[in-house]
1. Taking the conditions exactly as written (at negative phi, charged (D, E, K, R) and within 9 Å of the chain's Cα centre (by Cα)), does D8 satisfy them or not?
2. If we keep just the residues of segment 14-53 that are over 13 Å from the mean Cα position of the chain (by Cα) and part of a strand (DSSP E or B), which is surrounded by the most Cβ atoms within 10 Å (Cβ to Cβ)?
3. Give the residue, chosen from R56, R11, that is touching a Ser or Thr at 6+ places or on another chain (Cβ under 6 Å) and in a helix (DSSP H, G or I).
4. Which residues, counting only those in segment 55-71, are hydrophobic (A, V, I, L, M, F, W, C) and either surrounded by fewer than 16 Cβ atoms within 10 Å (Cβ to Cβ) or in contact with a Gly (Cβ under 8 Å, 6 or more places away or on another chain) (or both)?
5. It is to be established whether one or more residues within segment 49-71 are modelled with pLDDT of 95 or more and in contact with a Phe, Trp or Tyr (Cβ under 7 Å, 6 or more places away or on another chain).
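The values are calculated or read from the model by the stated rules, or taken from the named source; none is laboratory data. Model, not experiment: these values are computed from the prediction. Quick reminder, even Gly has a Cβ in these numbers, built from the backbone with ideal geometry, and neighbours come from all protein chains shown.
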Amino acid sequence: MIDAGKLDTVRETLAADGYLLDVREADGRVAVAISATPDACEDCLVPKPLMADILRDALGVDTDAIDLTYPND
């Protein structure tokens, strides 16, 4: 079970740049979708590998267990 509190900092940082974070856990995997609002800063979103590392630390799971989707995926 994911502790939503651990994601607060990531969620707040993304929100400041105009992005939304949706996290769902199922069958030992974590699906993370980042979506852009109309005010999103295109240059502010870090590359996916770096975001996967950030999420790994926040979620406490291996990056291999994270299915990460970016706005243009």
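1. Taking the combined requirement at face value, the residue does not satisfy it.
2. R29
3. R56
4. Hit for segment 55-71 is A65, nothing else.
5. Checking segment 49-71: not a single residue is modelled with pLDDT of 95 or more and in contact with a Phe, Trp or Tyr (Cβ under 7 Å, 6 or more places away or on another chain).
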